[in-house]
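A.B. asks: Could you have a look at this structure, given as structure tokens, before my questions?
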Amino acid sequence: MTHSIDFSSLGTTTLLRGGKGDYVRDLFLDRKVTTPVLLISRSEVRQNYDAIRAAIPRAAVHYAVKSNNHQAIVSEIRTQGGNFDICSAAEIDTILRTGISTSEVIHSHPIKSQHEFDYAVEKGVRIFVVDNPEEVKKLARYSDTRLKILIRFRINTNTRAVVNLQYKFGCTTDEVLPLARQIKEAGHDYYGLCFHIGSQCIYPENYVIAIAAARGLITTLNNHGLPTSMLDIGGGFPVEYVEPYPPIDEFCAPIRDALDAHIAPDIKVVCEPGRYISASPVTLVCSVVGKALRDGKMWYYLNDGLYSTFSGIVFDHCQYPVVTNLRGKEKLSVLSGPTCDSFDVMYDGLMIPEHNIGDIMVFPLTGAYCAVSGSDFNSLKRPDYVIID
Ligand SMILES: Cc1ncc(COP(=O)(O)O)c(C=O)c1O
């Protein structure tokens with residue numbers, strides 16, 4: 001991205017749709033807001049949940065809490081009838097506050113410490129993921145409780161998602177049958193298969209390849225007396241940050257077709273969207289707290305940075321649109337964060353109209369993998385959330 005977006009031109013986009021647009025307009029007009037602040041829209045959570053449900057009607061939605069664990073988002077998913085993908089004890093505590101029963105919750109972490117595993121079993125979680133024999137050995141400890149185990153496999157694709165999730169986890173397809181047998185021998189249920197083709201995946205064909213591979217595995221497992229009850233197609237569904245992407249319904253059309261073609265109707269299909277649900281409901285509002293002209297560039301020092309909400313630039317390989325409310329000649333600019341570290345720079349080479357100290361800048365789509373991976377480095381206060389609808 002090289003330019004900011006003028007707030008007055010946003011009407012034609014979905015960037016700040018609904019209540020968020022009105023709220024941000026008020027902020028720009030009367031700057032009495034305390035920044036940095038993260039605006040959160042529950043109606044947008046609902047819209048995203050409904051959109052992904054409609055795009056893959058066969059798949060139950062298990063929201064990936066790791067993308068944004070804010071209670072308002074988690075509770076809204078529950079209110080809509082959604083379930084969860086969790087990966088830690090603290091995430092279990094968060095979803096329990098919605099009143100959900102954990103029996104259908106998916107613990108998707110392929111590697112669990114003993115403490116994490118014990119806690120999840122104690123809290124009633126029954127569906128777990130493994131991808132290697134050492135993890136299956138851990139099941140012996142739970143001989144009193146029959147667990148439902150998904151095997152996570154990985155596939156080769158020519159096209160990568162923006163965030164690779166097949167590097168650290170997933171067994172090869174050849175390893176699936178031995179693992180399923182080992183699960184059964186341990187006295188637990190081989191329950192099904194799962195994969196994650198990578199986050200911000202812009203190629204639906206990756207899902208199609210994985211679903212076709214799952215079909216082959218399901219047949220082999222069946223032939224060995226190991227029926228499959230669940231196929232979990234993971235997350236990965238993309239969000240339109242700065243590159244244009246097709247609407248979710250269009251994106252998922254090949255996935256729907258592949259499920260119909262390859263997966264028997266009695267197999268329960270599940271998806272685990274994180275980003276698709278949590279990115280757009282959150283909008284970061286920052287203020288310019290300092291300004292300097294250095295080597296021909298306007299440097300702006302904002303009150304949130306790379307170590308906090310913008311950590312998604314580092315860990316999630318993401319760029320967020322910049323919305324301003326100023327017009328005029330654009331100048332070559334740098335947006336940097338509030339810490340003392342020179343690494344704390346978010347945008348270098350951005351063309352924006354000149355801003356002054358106290359001016360507000362708005363960053364839509366900052367809900368997924370932003371605040372959750374940030375810190376309070378330099379002991380700086382992290383932004384509060386404000387629920388706007
Ligand atoms: C197992 C698992 N499921 C779901 C997700 C959510 O992925 P996304 O946010 O791309 O939808 C992740 C992300 O890391 C994951 O590891």
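A.B. asks: Run a plain Debye calculation on the chain (Cα atoms as equal point scatterers, no solvent) and give log10 I(q)/I(0) at q = 0.07 Å⁻¹, rounded to two decimals, same order as the q list.
C.D. replies: Debye curve over Cα of the chain, log10 I(q)/I(0) at q = 0.07 Å⁻¹: -0.35.
A.B. asks: Note down the net charge around Leu332, summing +1 for each Lys or Arg and -1 for each Asp or Glu among other residues with Cβ under 12 Å from its Cβ.
C.D. replies: Its environment carries a net charge of 0.
A.B. asks: Taking only DSSP H segments of four or more residues, each worth -39500 (n - 2.57), what value at 222 nm results for the chain once the sum is divided by all its residues, to the nearest 500 deg cm²/dmol?
C.D. replies: My calculation for the chain gives -8500 deg cm²/dmol from helical runs alone.
A.B. asks: Quick check: from the Cα gyration tensor, does segment 43-125 come out rounded (a/c under 1.5), prolate or oblate?
C.D. replies: Working: a/c = 2.15, a/b = 1.77, b/c = 1.22.
Since a/c reaches 1.5 and a/b is larger than b/c, the shape of segment 43-125 is classed as prolate.
A.B. asks: Which of Cys286, Cys340 comes first, and how do the rest follow, when ranked by fewest Cβ neighbours within 10 Å?
C.D. replies: Cys340, Cys286
A.B. asks: I want the antiparallel fraction of DSSP beta bridges within segment 43-278, as a percent rounded to 5.
C.D. replies: If we restrict to bridges inside segment 43-278, about 5 percent are antiparallel.
A.B. asks: With +1 on each Lys and Arg Cβ and -1 on each Asp and Glu Cβ, and nothing else charged, work out how big the dipole of the chain is about its Cα centre, in Debye to the nearest 20.
C.D. replies: 220 debye
A.B. asks: So what's the gap between the Cα centers of segment 332-389 and segment 221-283, to the nearest angstrom?
C.D. replies: So the separation of the two Cα centres works out to 32 Å.
A.B. asks: Next question, about the same structure. So what's the gap between the Cα centers of segment 21-71 and segment 120-178, to the nearest angstrom?
C.D. replies: First find each Cα centre; the distance between them is then 30 Å.
A.B. asks: For the chain, what are the DSSP H helices with axial Cα length of 24 Å or more and mean Kyte-Doolittle hydropathy of at least -1.0?
C.D. replies: Taking the DSSP H segments of the chain (at least 24 Å long, mean hydropathy at least -1.0), we get 204-223.
A.B. asks: Follow-up question, since we're still on this one. For the residue pair Tyr245 and Thr2, what label-to-label distance in nm results when each label sits 7 Å from Cα along the Cα-to-beta-carbon direction?
C.D. replies: Between Tyr245 and Thr2, the simple spin-label model gives 2.4 nm.
A.B. asks: Multiply the residue separation of Asp50 and Lys184 by 0.36 nm, subtract the distance between their alpha-carbon atoms, and state the gained length in nm to one decimal.
C.D. replies: 44.6 nm
A.B. asks: In terms of modelled amide H atoms, which long-range or inter-chain residues lie less than 5 Å from the amide H of Ser308?
C.D. replies: For Ser308, the qualifying residues are Ser375.
A.B. asks: What spacing in nm lies between the two simple spin-label points modelled at Ser379 and Asn356, each 7 Å away from Cα in the Cβ direction?
C.D. replies: If labels sit at Ser379 and Asn356, their model points lie 3.3 nm apart.
A.B. asks: Quote to one decimal, in nm, the extra length available between Asp260 and Asp174 on full extension: 0.36 nm per residue of separation minus the C-alpha distance between them.
C.D. replies: Once the chain is fully extended between Asp260 and Asp174, it gains 28.5 nm.
A.B. asks: Hey, another quick one. Calculate the FRET efficiency for Ser143 and Thr79 from the Cβ-Cβ distance with a Förster distance of 41 Å, rounded to the nearest 0.05.
C.D. replies: 0.65
A.B. asks: So, one more: What's the extension gain from Ala90 to Ala292 if we count 0.36 nm per residue and subtract their Cα-Cα distance?
C.D. replies: Extending this stretch completely gives an extra 68.5 nm.
A.B. asks: Between Ser113 and Asp348, how many nm apart are label points set 7 Å from Cα along the C-beta direction?
C.D. replies: If labels sit at Ser113 and Asp348, their model points lie 3.6 nm apart.
A.B. asks: Which of the residue pairs Lys66/Lys148; Lys20/Lys329; Lys112/Lys381; Lys291/Lys381 have a Cα-Cα distance greater than 25 Å in the structure shown?
C.D. replies: Checking Cα-Cα distances, Lys20/Lys329; Lys112/Lys381 exceed 25 Å.
A.B. asks: For segment 266-389, with only Lys/Arg (+1) and Asp/Glu (-1) charged at the beta-carbon, what is the dipole magnitude about the Cα centre, in debye rounded to 20?
C.D. replies: With Lys and Arg at +1 and Asp and Glu at -1, about 320 debye.
A.B. asks: How much net charge surrounds Lys148 when only other residues with a Cβ under 10 Å from its Cβ are counted (Lys, Arg +1; Asp, Glu -1)?
C.D. replies: 0
A.B. asks: In a shell of Cβ-Cβ distance under 13 Å around Lys184, excluding Lys184 itself, what net charge do Lys and Arg (+1) and Asp and Glu (-1) give? Each step should come with its number before you reach the end.
C.D. replies: On the way: positive: Arg146, Lys148, Arg181; negative: Glu185, Asp189.
Taking every other residue near Lys184 into account, the sum is +1.
A.B. asks: Oh, and also: Between rounded, prolate and oblate, where does segment 261-389 land on the alpha carbon gyration tensor, with a ≥ b ≥ c its root eigenvalues, rounded for a/c under 1.5, else prolate if a/b exceeds b/c?
C.D. replies: Taking the square roots of the gyration eigenvalues as a ≥ b ≥ c, segment 261-389 is prolate.
A.B. asks: Which FRET efficiency value, to the nearest 0.05, do you get for Trp299 and Asp26 by plugging their Cβ-Cβ distance into 1/(1 + (r/R0)^6) with R0 = 25 Å?
C.D. replies: It comes out at approximately 0.30.
Bear in mind that the values in this text are calculations on the coordinates, not laboratory data. As the structure is a prediction and not an experimental result, all values here were calculated from the model. Neighbour counts are summed over all protein chains in view; Cβ atoms, including those assigned to glycine, are modelled from backbone coordinates with ideal geometry.
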